[in-house]
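Here the structure is laid out as C-alpha coordinates; the discussion comes afterwards.
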(Lines give C-alpha, C1' and ligand atoms only; values in the text may rest on other atoms or scores of the structure.)
Protein backbone atom coordinates (compact mmCIF):
# COMPACT_ATOMS: atom_id res chain seq x y z
CA UNK A 1 0.00 0.00 0.00
CA UNK A 2 1.44 3.38 -0.95
CA UNK A 3 1.78 6.12 1.62
CA UNK A 4 -1.65 6.45 3.12
CA UNK A 5 -2.89 10.03 3.25
CA UNK A 6 -4.53 10.99 6.52
CA UNK A 7 -7.74 12.73 5.57
CA UNK A 8 -10.55 14.12 7.66
CA UNK A 9 -14.14 14.69 6.63
CA UNK A 10 -16.09 17.74 7.72
CA UNK A 11 -19.78 16.90 7.58
CA UNK A 12 -22.44 19.55 7.16
CA UNK A 13 -25.29 17.52 8.62
CA UNK A 14 -28.14 19.83 7.66
CA UNK A 15 -27.04 20.15 4.08
CA UNK A 16 -25.90 16.56 3.69
CA UNK A 17 -22.46 17.58 2.45
CA UNK A 18 -19.27 15.66 3.16
CA UNK A 19 -15.91 17.00 2.04
CA UNK A 20 -12.28 16.09 2.78
CA UNK A 21 -10.30 18.34 5.09
CA UNK A 22 -6.86 18.12 6.55
CA UNK A 23 -7.27 18.59 10.27
CA UNK A 24 -9.09 16.50 12.89
CA UNK A 25 -12.54 15.13 12.38
CA UNK A 26 -15.19 17.72 13.17
CA UNK A 27 -18.91 18.08 12.68
CA UNK A 28 -21.31 21.02 12.54
CA UNK A 29 -25.04 20.61 13.01
CA UNK A 30 -27.45 23.37 12.02
CA UNK A 31 -30.83 23.99 13.62
CA UNK A 32 -33.74 25.64 11.84
CA UNK A 33 -37.17 26.90 12.85
CA UNK A 34 -39.88 27.72 10.28
CA UNK A 35 -37.33 27.20 7.53
CA UNK A 36 -34.82 29.71 8.99
CA UNK A 37 -31.46 28.71 10.49
CA UNK A 38 -31.33 29.81 14.14
CA UNK A 39 -28.35 27.95 15.57
CA UNK A 40 -25.42 25.63 15.06
CA UNK A 41 -23.40 23.21 17.16
CA UNK A 42 -19.64 23.11 16.64
CA UNK A 43 -17.25 20.68 18.38
CA UNK A 44 -16.80 23.27 21.14
CA UNK A 45 -20.15 24.98 21.73
CA UNK A 46 -23.66 25.87 20.63
CA UNK A 47 -24.18 29.22 18.88
CA UNK A 48 -27.42 31.11 18.33
CA UNK A 49 -27.49 32.80 14.92
CA UNK A 50 -29.39 35.69 13.39
CA UNK A 51 -29.07 37.51 10.10
CA UNK A 52 -30.78 39.03 7.11
CA UNK A 53 -34.05 37.96 5.53
CA UNK A 54 -32.00 36.47 2.68
CA UNK A 55 -30.23 34.05 5.04
CA UNK A 56 -26.82 35.73 5.48
CA UNK A 57 -25.92 35.25 9.14
CA UNK A 58 -24.56 38.43 10.75
CA UNK A 59 -24.63 37.75 14.52
CA UNK A 60 -23.45 34.70 16.47
CA UNK A 61 -23.83 34.29 20.23
CA UNK A 62 -22.32 31.50 22.35
CA UNK A 63 -25.47 29.96 23.84
CA UNK A 64 -24.17 28.81 27.22
CA UNK A 65 -21.77 31.54 28.31
CA UNK A 66 -23.33 34.32 26.21
CA UNK A 67 -19.95 36.02 26.59
CA UNK A 68 -18.89 35.56 22.97
CA UNK A 69 -20.82 37.80 20.58
CA UNK A 70 -19.53 37.81 17.00
CA UNK A 71 -20.82 40.37 14.52
CA UNK A 72 -20.12 40.85 10.84
CA UNK A 73 -21.70 42.51 7.82
CA UNK A 74 -21.67 42.15 4.05
CA UNK A 75 -22.06 44.27 0.97
CA UNK A 76 -25.35 43.86 -0.94
CA UNK A 77 -23.60 41.61 -3.45
CA UNK A 78 -22.28 39.32 -0.71
CA UNK A 79 -18.69 40.29 0.10
CA UNK A 80 -18.25 39.59 3.81
CA UNK A 81 -16.76 42.53 5.73
CA UNK A 82 -14.40 42.25 8.69
CA UNK A 83 -16.31 42.06 11.95
CA UNK A 84 -15.66 41.25 15.59
CA UNK A 85 -14.23 37.84 16.40
CA UNK A 86 -13.89 34.74 14.25
CA UNK A 87 -17.02 33.39 12.63
CA UNK A 88 -17.65 29.75 13.73
CA UNK A 89 -18.22 28.21 10.26
CA UNK A 90 -17.46 28.72 6.56
CA UNK A 91 -20.93 29.89 5.51
CA UNK A 92 -21.27 33.40 4.22
CA UNK A 93 -23.62 35.03 1.67
CA UNK A 94 -27.18 33.61 1.89
CA UNK A 95 -25.89 31.06 4.41
CA UNK A 96 -24.21 29.12 1.60
CA UNK A 97 -20.68 27.65 1.81
CA UNK A 98 -17.84 29.98 0.84
CA UNK A 99 -14.46 28.77 -0.39
CA UNK A 100 -11.58 30.73 1.14
CA UNK A 101 -9.12 29.62 -1.53
CA UNK A 102 -11.19 30.94 -4.47
CA UNK A 103 -13.45 33.52 -2.84
CA UNK A 104 -16.43 31.86 -4.53
CA UNK A 105 -19.73 30.87 -2.94
CA UNK A 106 -22.08 27.98 -3.72
CA UNK A 107 -25.41 29.71 -4.39
CA UNK A 108 -27.97 27.09 -5.27
CA UNK A 109 -27.13 25.47 -8.58
CA UNK A 110 -24.19 27.75 -9.54
CA UNK A 111 -20.89 29.20 -8.37
CA UNK A 112 -21.05 32.89 -7.46
CA UNK A 113 -18.34 35.55 -7.11
CA UNK A 114 -19.40 38.10 -4.45
CA UNK A 115 -16.56 40.48 -5.39
CA UNK A 116 -17.96 40.83 -8.93
CA UNK A 117 -21.62 40.26 -8.07
CA UNK A 118 -21.78 37.72 -10.91
CA UNK A 119 -22.32 34.01 -11.38
CA UNK A 120 -19.59 32.09 -13.17
CA UNK A 121 -22.07 30.32 -15.45
CA UNK A 122 -25.29 31.48 -17.15
CA UNK A 123 -28.69 30.86 -15.58
CA UNK A 124 -29.94 27.58 -17.16
CA UNK A 125 -33.51 28.89 -16.82
CA UNK A 126 -34.12 31.74 -19.27
CA UNK A 127 -36.77 34.12 -17.88
CA UNK A 128 -38.31 36.04 -20.78
CA UNK A 129 -40.87 37.86 -18.59
CA UNK A 130 -38.25 40.37 -17.42
CA UNK A 131 -35.77 41.76 -19.99
CA UNK A 132 -33.23 42.49 -17.23
CA UNK A 133 -33.17 38.80 -16.32
CA UNK A 134 -31.87 37.97 -19.78
CA UNK A 135 -28.40 39.01 -18.57
CA UNK A 136 -27.99 35.52 -17.20
CA UNK A 137 -24.81 36.03 -15.17
CA UNK A 138 -26.06 38.75 -12.81
CA UNK A 139 -27.38 38.09 -9.31
CA UNK A 140 -31.07 39.04 -8.89
CA UNK A 141 -31.01 41.02 -12.19
CA UNK A 142 -28.25 43.17 -10.67
CA UNK A 143 -30.53 44.29 -7.82
CA UNK A 144 -29.30 42.46 -4.68
CA UNK A 145 -30.89 45.01 -2.32
CA UNK A 146 -34.54 44.27 -3.13
CA UNK A 147 -34.14 41.00 -5.07
CA UNK A 148 -32.56 37.62 -4.41
CA UNK A 149 -31.66 34.39 -6.19
CA UNK A 150 -31.32 31.64 -3.54
CA UNK A 151 -31.67 28.77 -6.01
CA UNK A 152 -29.24 30.16 -8.58
CA UNK A 153 -31.88 29.39 -11.19
CA UNK A 154 -34.52 32.11 -11.51
CA UNK A 155 -34.09 35.54 -9.83
CA UNK A 156 -36.76 36.72 -7.41
CA UNK A 157 -37.37 40.43 -7.93
CA UNK A 158 -40.19 42.76 -6.86
CA UNK A 159 -43.11 43.45 -9.18
CA UNK A 160 -45.78 46.09 -8.58
CA UNK A 161 -49.23 45.41 -9.99
CA UNK A 162 -52.22 47.65 -9.15
CA UNK A 163 -50.39 48.85 -6.06
CA UNK A 164 -49.79 45.31 -4.77
CA UNK A 165 -46.15 44.27 -4.26
CA UNK A 166 -45.12 40.72 -5.05
CA UNK A 167 -41.57 39.35 -4.90
CA UNK A 168 -40.89 36.55 -7.35
CA UNK A 169 -40.92 35.90 -11.06
CA UNK A 170 -43.64 37.68 -13.02
CA UNK A 171 -45.15 34.28 -13.84
CA UNK A 172 -44.95 33.28 -10.18
CA UNK A 173 -46.65 36.46 -9.00
CA UNK A 174 -49.47 36.00 -11.49
CA UNK A 175 -49.81 32.37 -10.44
CA UNK A 176 -49.98 33.39 -6.78
CA UNK A 177 -52.78 35.85 -7.52
CA UNK A 178 -54.63 33.20 -9.49
CA UNK A 179 -54.27 30.71 -6.63
CA UNK A 180 -55.74 33.23 -4.17
CA UNK A 181 -58.78 33.65 -6.39
CA UNK A 182 -59.13 29.95 -7.14
CA UNK A 183 -62.67 28.63 -7.21
CA UNK A 184 -63.98 25.66 -5.26
CA UNK A 185 -63.58 22.19 -6.71
CA UNK A 186 -66.56 20.88 -8.68
CA UNK A 187 -66.98 17.26 -9.77
CA UNK A 188 -69.58 15.26 -11.68
CA UNK A 189 -69.76 11.88 -13.39
CA UNK A 190 -69.55 11.99 -17.20
CA UNK A 191 -71.14 8.84 -18.68
CA UNK A 192 -70.02 9.74 -22.21
CA UNK A 193 -66.33 9.87 -21.31
CA UNK A 194 -66.78 7.12 -18.70
CA UNK A 195 -65.13 8.94 -15.87
CA UNK A 196 -65.43 11.65 -13.22
CA UNK A 197 -64.98 15.22 -14.44
CA UNK A 198 -63.11 17.49 -12.03
CA UNK A 199 -62.78 21.28 -12.34
CA UNK A 200 -60.45 23.44 -10.24
CA UNK A 201 -58.27 26.52 -10.73
CA UNK A 202 -59.78 27.02 -14.18
CA UNK A 203 -58.82 23.52 -15.40
CA UNK A 204 -61.01 20.57 -16.30
CA UNK A 205 -59.85 16.95 -16.31
CA UNK A 206 -61.33 13.45 -16.45
CA UNK A 207 -60.56 10.74 -13.89
CA UNK A 208 -61.31 7.65 -16.01
CA UNK A 209 -63.01 4.55 -14.68
CA UNK A 210 -60.60 1.69 -13.95
CA UNK A 211 -57.56 3.90 -14.74
CA UNK A 212 -58.23 3.52 -18.45
CA UNK A 213 -55.39 5.01 -20.52
CA UNK A 214 -53.31 6.00 -17.48
CA UNK A 215 -49.53 5.28 -17.53
CA UNK A 216 -48.50 2.50 -15.16
CA UNK A 217 -46.03 4.83 -13.41
CA UNK A 218 -48.87 7.20 -12.47
CA UNK A 219 -51.04 4.38 -11.14
CA UNK A 220 -48.20 3.01 -9.02
CA UNK A 221 -47.40 6.44 -7.58
CA UNK A 222 -51.05 7.10 -6.68
CA UNK A 223 -51.31 3.68 -4.99
CA UNK A 224 -48.11 4.27 -3.00
CA UNK A 225 -49.26 7.70 -1.79
CA UNK A 226 -52.75 6.46 -0.90
CA UNK A 227 -51.18 3.65 1.15
CA UNK A 228 -49.20 6.27 3.10
CA UNK A 229 -52.45 8.18 3.72
CA UNK A 230 -54.08 4.95 4.93
CA UNK A 231 -51.21 4.33 7.37
CA UNK A 232 -51.87 7.74 8.95
CA UNK A 233 -55.66 7.32 8.92
CA UNK A 234 -56.01 10.26 6.51
CA UNK A 235 -57.28 8.40 3.42
CA UNK A 236 -60.72 9.21 2.01
CA UNK A 237 -62.27 5.96 0.78
CA UNK A 238 -65.72 7.21 -0.16
CA UNK A 239 -67.11 7.81 -3.66
CA UNK A 240 -65.50 10.61 -5.67
CA UNK A 241 -68.96 12.05 -6.38
CA UNK A 242 -72.16 11.87 -4.34
CA UNK A 243 -70.73 11.07 -0.91
CA UNK A 244 -72.34 12.45 2.25
CA UNK A 245 -69.79 11.51 4.89
CA UNK A 246 -66.09 10.99 5.39
CA UNK A 247 -63.06 13.24 5.59
CA UNK A 248 -59.56 12.88 4.22
CA UNK A 249 -57.42 12.93 1.12
CA UNK A 250 -57.07 10.80 -1.99
CA UNK A 251 -54.67 10.80 -4.93
CA UNK A 252 -56.30 10.18 -8.32
CA UNK A 253 -54.97 9.75 -11.86
CA UNK A 254 -56.42 12.26 -14.36
CA UNK A 255 -56.48 11.76 -18.12
CA UNK A 256 -56.43 14.13 -21.03
CA UNK A 257 -55.99 13.63 -24.78
CA UNK A 258 -52.95 15.92 -24.63
CA UNK A 259 -50.68 14.49 -21.87
CA UNK A 260 -48.74 17.75 -21.63
CA UNK A 261 -51.81 19.66 -20.45
CA UNK A 262 -52.66 17.57 -17.39
CA UNK A 263 -50.85 16.95 -14.08
CA UNK A 264 -49.71 13.40 -13.45
CA UNK A 265 -51.78 13.14 -10.24
CA UNK A 266 -54.39 15.20 -8.42
CA UNK A 267 -54.77 15.20 -4.63
CA UNK A 268 -58.34 15.92 -3.55
CA UNK A 269 -59.35 16.98 -0.03
CA UNK A 270 -62.78 15.84 1.17
CA UNK A 271 -64.97 17.12 4.03
CA UNK A 272 -68.25 15.34 4.82
CA UNK A 273 -67.94 13.46 1.55
CA UNK A 274 -67.68 16.66 -0.52
CA UNK A 275 -64.54 17.77 -2.42
CA UNK A 276 -63.12 20.96 -0.91
CA UNK A 277 -59.84 21.56 -2.73
CA UNK A 278 -57.47 19.95 -5.21
CA UNK A 279 -53.81 20.33 -6.17
CA UNK A 280 -51.87 19.00 -9.11
CA UNK A 281 -48.84 16.75 -8.58
CA UNK A 282 -46.03 16.05 -11.06
CA UNK A 283 -43.96 12.84 -11.14
CA UNK A 284 -40.23 12.65 -11.79
CA UNK A 285 -37.89 9.65 -11.96
CA UNK A 286 -34.30 10.85 -12.52
CA UNK A 287 -32.09 8.24 -14.13
CA UNK A 288 -28.33 7.97 -13.48
CA UNK A 289 -26.10 9.67 -14.45
CA UNK A 290 -28.36 12.77 -14.30
CA UNK A 291 -26.41 15.49 -12.46
CA UNK A 292 -27.66 16.85 -9.15
CA UNK A 293 -27.97 20.37 -10.59
CA UNK A 294 -30.22 19.07 -13.38
CA UNK A 295 -32.31 17.08 -10.88
CA UNK A 296 -32.73 20.18 -8.71
CA UNK A 297 -33.65 22.25 -11.76
CA UNK A 298 -36.27 19.74 -12.91
CA UNK A 299 -37.89 19.55 -9.47
CA UNK A 300 -37.95 23.36 -9.27
CA UNK A 301 -39.74 23.47 -12.62
CA UNK A 302 -42.35 20.95 -11.51
CA UNK A 303 -43.29 22.60 -8.20
CA UNK A 304 -43.45 26.03 -9.86
CA UNK A 305 -45.49 24.91 -12.86
CA UNK A 306 -48.90 26.30 -13.75
CA UNK A 307 -50.78 23.07 -12.99
CA UNK A 308 -48.88 21.52 -10.06
CA UNK A 309 -47.79 22.60 -6.58
CA UNK A 310 -45.93 19.43 -5.61
CA UNK A 311 -43.58 16.86 -7.08
CA UNK A 312 -43.26 13.15 -6.32
CA UNK A 313 -39.74 11.96 -7.06
CA UNK A 314 -38.82 8.29 -7.34
CA UNK A 315 -35.05 8.07 -6.89
CA UNK A 316 -33.05 5.43 -8.73
CA UNK A 317 -31.22 4.33 -5.58
CA UNK A 318 -30.59 5.20 -1.94
CA UNK A 319 -27.58 7.41 -2.69
CA UNK A 320 -29.55 9.50 -5.16
CA UNK A 321 -32.46 9.74 -2.69
CA UNK A 322 -30.05 11.00 0.01
CA UNK A 323 -28.84 13.79 -2.24
CA UNK A 324 -32.29 14.79 -3.45
CA UNK A 325 -33.54 14.93 0.14
CA UNK A 326 -30.75 17.30 1.20
CA UNK A 327 -31.09 19.83 -1.62
CA UNK A 328 -33.10 23.05 -1.29
CA UNK A 329 -36.17 23.87 -3.38
CA UNK A 330 -38.19 27.12 -3.42
CA UNK A 331 -41.59 28.41 -4.48
CA UNK A 332 -40.88 31.53 -6.52
CA UNK A 333 -44.27 33.19 -6.15
CA UNK A 334 -44.08 33.66 -2.38
CA UNK A 335 -43.00 36.81 -0.51
CA UNK A 336 -40.48 36.02 0.88
CA UNK A 337 -39.61 32.92 -1.19
CA UNK A 338 -40.97 29.80 0.50
CA UNK A 339 -38.61 26.91 0.97
CA UNK A 340 -40.32 23.67 -0.04
CA UNK A 341 -40.71 20.82 2.43
CA UNK A 342 -39.38 17.36 1.62
CA UNK A 343 -40.75 14.06 2.97
CA UNK A 344 -38.98 10.82 2.23
CA UNK A 345 -40.37 7.30 2.20
CA UNK A 346 -37.51 5.02 1.16
CA UNK A 347 -36.61 6.06 -2.39
CA UNK A 348 -39.91 7.93 -2.84
CA UNK A 349 -39.76 11.65 -2.02
CA UNK A 350 -42.51 14.27 -1.93
CA UNK A 351 -41.48 17.91 -2.48
CA UNK A 352 -44.09 20.57 -1.82
CA UNK A 353 -45.75 22.79 0.74
CA UNK A 354 -46.33 21.61 4.32
CA UNK A 355 -49.97 20.96 3.36
CA UNK A 356 -48.68 18.40 0.82
CA UNK A 357 -46.44 16.68 3.38
CA UNK A 358 -48.41 16.62 6.65
CA UNK A 359 -51.26 14.26 5.56
CA UNK A 360 -48.65 11.66 4.57
CA UNK A 361 -46.74 11.84 7.84
CA UNK A 362 -49.09 12.85 10.68
CA UNK A 363 -52.56 11.53 11.66
CA UNK A 364 -54.99 14.41 11.34
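Here are the numbers for the structure shown:
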{"quantity": "Residue match in the stretch 277-286 (condition: in the same structural domain as residue 241 (by TED's automatic domain parsing) and outside any strand (DSSP E or B))", "calculated": "yes"}
{"quantity": "Complete set of residues in the stretch 218-251 that are over 22 Å from residue 194 (Cβ atoms), assigned to a helix (DSSP H, G or I) and in contact (Cβ under 8 Å) with a residue 60 or more places away in the chain", "calculated": "221, 224, 225, 228, 229"}
{"quantity": "One residue from 325, 256 being modelled with pLDDT under 90 and assigned by TED's automatic domain parsing to the domain that holds residue 216", "calculated": "256"}
{"quantity": "Count of the stretch 328-364 residues which are free of Cβ contacts under 8 Å to residues at least 40 places away in the same chain, part of a loop (DSSP other than H, G, I, E, B) and under 24 Å from residue 30 (Cβ atoms)", "calculated": "1"}
{"quantity": "Entirely in the stretch 50-90, the strands (runs of 3 or more DSSP E) that have 1 or more residues that are farther than 15 Å from residue 38 by Cα", "calculated": "69-74, 80-84"}
{"quantity": "Filter result for residue 118 (modelled with pLDDT of 80 or more and within 24 Å of the chain's Cα centre (by Cα))", "calculated": "yes"}
{"quantity": "In the stretch 70-94, the residues that are within 24 Å of the chain's Cα centre (by Cα) and surrounded by 20 or more Cβ atoms within 10 Å (Cβ to Cβ)", "calculated": "78, 91, 92, 93, 94"}
{"quantity": "When residues of the stretch 33-58 are limited to those that are buried (at least 17 other Cβ atoms within 10 Å of the Cβ) and touching a residue at least 40 places away in the same chain (Cβ under 8 Å), the one nearest to residue 70 (Cα to Cα)", "calculated": "47"}
{"quantity": "Residue match in the stretch 125-141 (condition: over 24 Å from the mean Cα position of the chain (by Cα), at pLDDT 85 or above, under 29 Å from residue 333 (Cα atoms) and surrounded by fewer than 20 Cβ atoms within 10 Å (Cβ to Cβ))", "calculated": "no"}
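The values are calculated or read from the model by the stated rules, or taken from the named source; none is laboratory data. Predicted, not measured: the structure shown is a model, and the values here were computed from it. We place every Cβ from the backbone using ideal geometry, glycine too, and count neighbours over all the protein chains shown.
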